[in-house]
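Where a number appears in this text, it was derived from the coordinates with a stated rule and is not lab data. On a predicted model such as this, the values are computed, not experimentally measured, just so you know. Every residue, glycine among them, receives a Cβ derived from its backbone with ideal geometry; neighbour counts consider all protein chains shown.
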2 protein chains.
Amino acid sequence: MAADADADAVSPRERYRSQVRADIKARAWEQIAKAGASGLSLNAIAKELGMSGPALYRYFGSRDELITELIRDAYRSLADTFRAAADSGAGIGGLAHALRRWALDDPQRYFLVYGTPVPGYQAPDDITGIAQEIMAALLDVCAAAEPEAPAPASAGFTAHLSQHRDWAGGHPAPPGVLRRALAFWTRMHGVLSLELAGHFTGMGFEPDRLFDAEVAELTPGR
Amino acid sequence: MAADADADAVSPRERYRSQVRADIKARAWEQIAKAGASGLSLNAIAKELGMSGPALYRYFGSRDELITELIRDAYRSLADTFRAAADSGAGIGGLAHALRRWALDDPQRYFLVYGTPVPGYQAPDDITGIAQEIMAALLDVCAAAEPEAPAPASAGFTAHLSQHRDWAGGHPAPPGVLRRALAFWTRMHGVLSLELAGHFTGMGFEPDRLFDAEVAELTPGR
DNA sequence: TCATGTTTGTTATAGCTTCTAACGCAAGCG
DNA sequence: CGCTTGCGTTAGAAGCTATAACAAACATGA
C-alpha cells in the first residue's frame, strides 16, 4: 500500500530498480503485518518474488537497512496524514481520529513507529526530522484550537515547558498549547497502543468509546 | 533479579533443576535488557552457563516457552508491586510512582508486558489471570481515593461503563471509579512507554515532570 | 557496430540460529 | 546393589543473514 516514493526514476534501469525495491517493500509490509517485524525474512521475500536468496542484497544492503526504510516510510506516512489533517482545518478531535484511522489501518506500522525499541538501534537523522514534522503539525492544530486555560493541576509543568521548548522548533505557541500537544500525544498513544496490542479484548467495553472519551477530555471547551 | 519462584523443591534433583532454571532465566533477563526480546539466544545462554547447546532444552521446551515464562514473571512482578502499593494505603499518586519505578527498573521487562505484540502469539490463561490481579489492585486504589465527579466531557463513556463492567471482575466500584482506573492505565502507559522508548530524549523538558503533571491531572482533588 | 564497463542475477559457502535424535553417564530410589 | 530416571553430550537437519566469486544481460562510448 502506497510507498511509491522511488517512482521518479528516469533511465529504464533505475525505473526497474525502483520497481523491484517497491515490490520487496510491499512483500515486507505483508510479512510484518502477519508476523511482526521480528518475523521478517529476506529469504522468504526473495522466494516470493521468484529470485533466489542473495539477489535481494543488490537492493537493500542488509535486513536492518530494509527495516529502517520501512520505519522511515511509516514516519513519512504518519507525517503526511497529520499534515493533511492540519491543513484541512481539522481540530484536535479530527486529528485524533485521523491518527486512529491511520493506526487501525496497519497496527504493525504504528508499532514500527511507537512500539518496543531495540536497545542498540539508533534511527537515522532524517527520521528524527520527520518526527519533528509530526510534532509541528500537532502544534499547528493545537494552536488553532480555541485557547483555554491549562488545567490548574499541571500549571507547574506548563511553566517548566515555557523554559524548555526546544522541541517545538521555534513554533510560536504559548506554553499552554505545548502542554496540550504533549497531552494529546501521550494520551492518544496510551489508549491507542493498548487497543492495538489487544489489551482491551475481552474487557467488555467498546474501545472507540474510550478513545472518544479521552479525546473529549482533551478538548473540554466543546 | 528476583524470580526464585521455583525454590520450593524437595528432592535434590528437583532442587538442582529449579536452580538451573533460575540461572537460565537470569541470563535471559540480562540478554533481554541488552538486546531486547528478539535478541535472546538460547545458544548463547547455554554457552554462558558452561553447557553446550541443546542441554538447555531439558529445562525449557522451546524459545517461546522460555519467553512466555519471562512474560509471566514480568506480569507477576507488576501484580505484586501493585498489590503491595495498594495494601500499603498508597493513593493514586503513590501507585503511579510505584509503576514508574517498576518500569524504569527494567524497561524491557515493561515492554514484555505492554510492548509490541507478536501477531500470532496468544498468552496462556494464567497470564490473563495475573492481568486481572493488576486491574483489581488498580481498582482498589481508585475506589479508596476520595470520590469525585467524573469530568463532564466523558460522562457518556462513564455511563457506557456502568453497563460494561465485566472486566472489573465483580469489583463493587461505581462507574466513575472504573473510568478513573481506565484513565490511569491508558495515560500512565502513554507517557511512560514514550519515555522508556526514548521518544522524549533530546526534547529538552524533564520526563518525570511530565509524568507528575499527568498524575496531577488524574487526581485533581488534591 | 563493436567493445567496454556496469548492473543484476546465480551458486557456493561461512557462520549463526532453533530444535530433534541418539547415545553415554551419573545420580537417586526401591 | 541394581534399575530407572534424568542430564549432558555430539551429530545433524532446516532455517536464517551475509559474503564471495562468477555468468549473463544490459547500456553506453568509440
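Some points to look at:
- Each residue of region B:12-61 gets 68 Å³ once the volume of the Cα convex hull is shared out per residue.
- Label-to-label distance, A:Gln132 versus A:Arg13, with points set 7 angstrom from Cα along the beta-carbon direction: 3.6 nm.
- Only lysine pairs 8 or more places apart or on separate chains count here, and in the protein assembly as shown those with Cα atoms under 28 Å apart total 7.
- Prolate/oblate/rounded label for region A:1-120 (Cα gyration tensor, a/c 1.5): oblate
- Exam field: A:Gly170 pseudo-label spacings to other copies (7 Å along Cα-Cβ), nanometres: 6.3
- Calculated mean residue ellipticity, 222 nm, chain B: -21000 deg cm²/dmol, from DSSP H runs (n ≥ 4) at -39500 (n - 2.57) each, averaged per residue and rounded to 500.
- Phi angles of region B:123-139 translate, via the Karplus equation with coefficients 6.51, -1.76, 1.60 and θ = phi - 60°, into HN-Hα couplings of 5, x, 5, 5, 5, 5, x, 5, 4, 5, 4, 4, 5, 5, 4, 4, 5 Hz per residue; Gly and Pro are given as x.
- Sequence-separation-based contact order of region B:12-61, relative, with Cα cut under 8 Å and 6+ spacing, percent: 31 percent
- Max mean-square fluctuation residue, GNM over chain A, Cα-Cα springs under 10 Å, options A:Val141, A:Val191, A:Val177: A:Val191
- Rounded, prolate or oblate (a/c below 1.5 giving rounded, otherwise prolate when a/b exceeds b/c) for the protein assembly as shown by Cα gyration tensor: oblate
- Evaluating 6.51 cos²θ - 1.76 cosθ + 1.60 at θ = phi - 60° for every residue in region B:99-111, the Karplus couplings come out as 4, 5, 4, 4, 5, 5, 5, 7, x, 5, 5, 4, 5 Hz, glycine and proline recorded as x.
- Over all orientations, chain A has a Cα convex hull whose mean projected area works out to 15.0 square nanometres.
- Relative contact order of chain A, pairs being alpha-carbon contacts under 8 Å that are 6 or more residues apart, as %: 17 percent
- Highest-first packing order for the peptide set A:48-54, A:154-160 is A:154-160, A:48-54, based on the mean count of other beta carbon atoms within 10 Å.
- Candidates B:Gln19, B:Leu49, B:Ile32 compared by Cα position along the dipole of region B:12-61: farthest toward the positive end lies B:Gln19, with charges placed on Cβ.
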